[in-house]
Amino acid sequence: TQLLEQSPQFLSIQEGENLTVYCNSSSVFSSLQWYRQEPGEGPVLLVTVVTGGEVKKLKRLTFQFGDARKDSSLHITAAQPGDTGLYLCAGRYSGGYQKVTFGTGTKLQVIP
Amino acid sequence: NAGVTQTPKFRVLKTGQSMTLLCAQDMNHEYMYWYRQDPGMGLRLIHYSVGEGTTAKGEVPDGYNVSRLKKQNFLLGLESAAPSQTSVYFCASSYGELFFGEGSRLTVL
């Protein structure tokens, strides 16, 4: 069983602060995605990274894929209350493209 | 566009009862997935399908069965429900990005 560990599990910060969420695996990803989920809804895709070392930016969110394609990070600059939610990484492993495994999740609360 | 639709949205079962969750997608996607989400555990893959007539086991398949008789539908069955199957179930379809339904909240007493 391939495991995707996210850290931290919970994060409560003040509006305007920066934060980083990590996603780690012992196996190599063929691609990795980050999703955001709000209460009562299904997850929604934020970004897909494919190439080792890749960095993608989405407004105040910066996503990085590790050089060895075993880890990824999500950095939020100047967090806002609207960023509150559950952040999930999801990986497709080499040799099992169709199977998508999700991480344990990071619950973020941004306090006004 | 409806996207991914799950029915029912809520269900309460007694231990030992059976039920089927229906997932329907209108995006002509080949891949479909069933996940369960428990507090603090993210999403765990139950079963998935890479096309009509095909299914495969995920990480936590025990106690569940699935069928994909039509491309647009993916059914998740519980033959004999147990309290450990109390969870929120999400269906998704995919061509790369996963599109999720709104979830089905199941309680087994």
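Given a Förster distance of 35 Å, report the FRET efficiency between B:Lys71 and B:Ser18 from their Cβ-Cβ distance, rounded to the nearest 0.05.
0.90
Quick one: putting +1 on the C-beta of Lys and Arg, -1 on the C-beta of Asp and Glu, what dipole do you get for the protein assembly as shown around its Cα centre, in Debye to the nearest 20?
Numbers: 20 positive and 18 negative charges, 60 e Å.
Computed about the Cα centre, the dipole is about 280 debye.
Backbone phi angles across segment A:55-69, fed through the Karplus curve with coefficients 6.51, -1.76 and 1.60 (θ = phi - 60°), yield HN-Hα couplings of 10, 10, 10, 9, 6, 8, 9, 10, 10, 10, 9, x, 4, 8, 6 Hz in residue order; Gly and Pro are listed as x. In a simple Cβ point-charge model (Lys, Arg +1; Asp, Glu -1; nothing else charged), chain B has a dipole of about 280 debye relative to its Cα centre.
Taking 23 Å as the straight-line reach from the Cα of B:Lys9, the lysines in range (excluding those fewer than 8 positions away in the same chain) are B:Lys70, B:Lys71. With Cα atoms defining each centre, segment A:21-80 and segment B:33-47 are spaced 19 Å apart in the structure.
Annotation for segment A:7-73: trypsin sites (Lys or Arg not before Pro) lying in DSSP loop with at most 14 further Cβ atoms inside 10 Å of their Cβ are A:Lys59, A:Arg60.
Arrange the following residues from fewest to most other Cβ atoms within 10 Å of their Cβ: A:Ile13, A:Ile111, B:Ile46, A:Ile76.
Final ranking by Cβ density, sparse to dense: A:Ile111, A:Ile13, A:Ile76, B:Ile46.
Simple point charges give the picture: +1 on the Cβ of Lys and Arg, -1 on the Cβ of Asp and Glu, and for chain A a dipole about the Cα centre of about 300 debye. Given B:Leu45, B:Ser80, B:Thr5, which one lies farthest toward the positive end of the charge dipole of chain B, if we put +1 on the Cβ of every Lys and Arg and -1 on the Cβ of every Asp and Glu? Checked the options; the winner is B:Ser80.
What ranking do A:Val28, A:Val55 get, fewest neighbouring Cβ atoms within 10 angstrom at the top?
Values: A:Val28 15, A:Val55 12.
Fewest-to-most Cβ neighbours within 10 Å comes out as A:Val55, A:Val28.
So which aspartates and glutamates can A:Lys107 reach, going by Cα to Cα under 20 Å and dropping same-chain residues fewer than 8 places off? In chain and number order, the partners are A:Glu5, A:Glu15, A:Glu17, A:Glu38, A:Glu41, A:Asp71, A:Asp83, B:Asp38, B:Glu102.
Laboratory data are not the source of any read-out in this text; all were calculated from the coordinates shown. Just so it is clear, the structure is predicted and the values come from calculations on it, not from any experiment. Quick reminder, even Gly has a Cβ in these numbers, built from the backbone with ideal geometry, and neighbours come from all protein chains shown.
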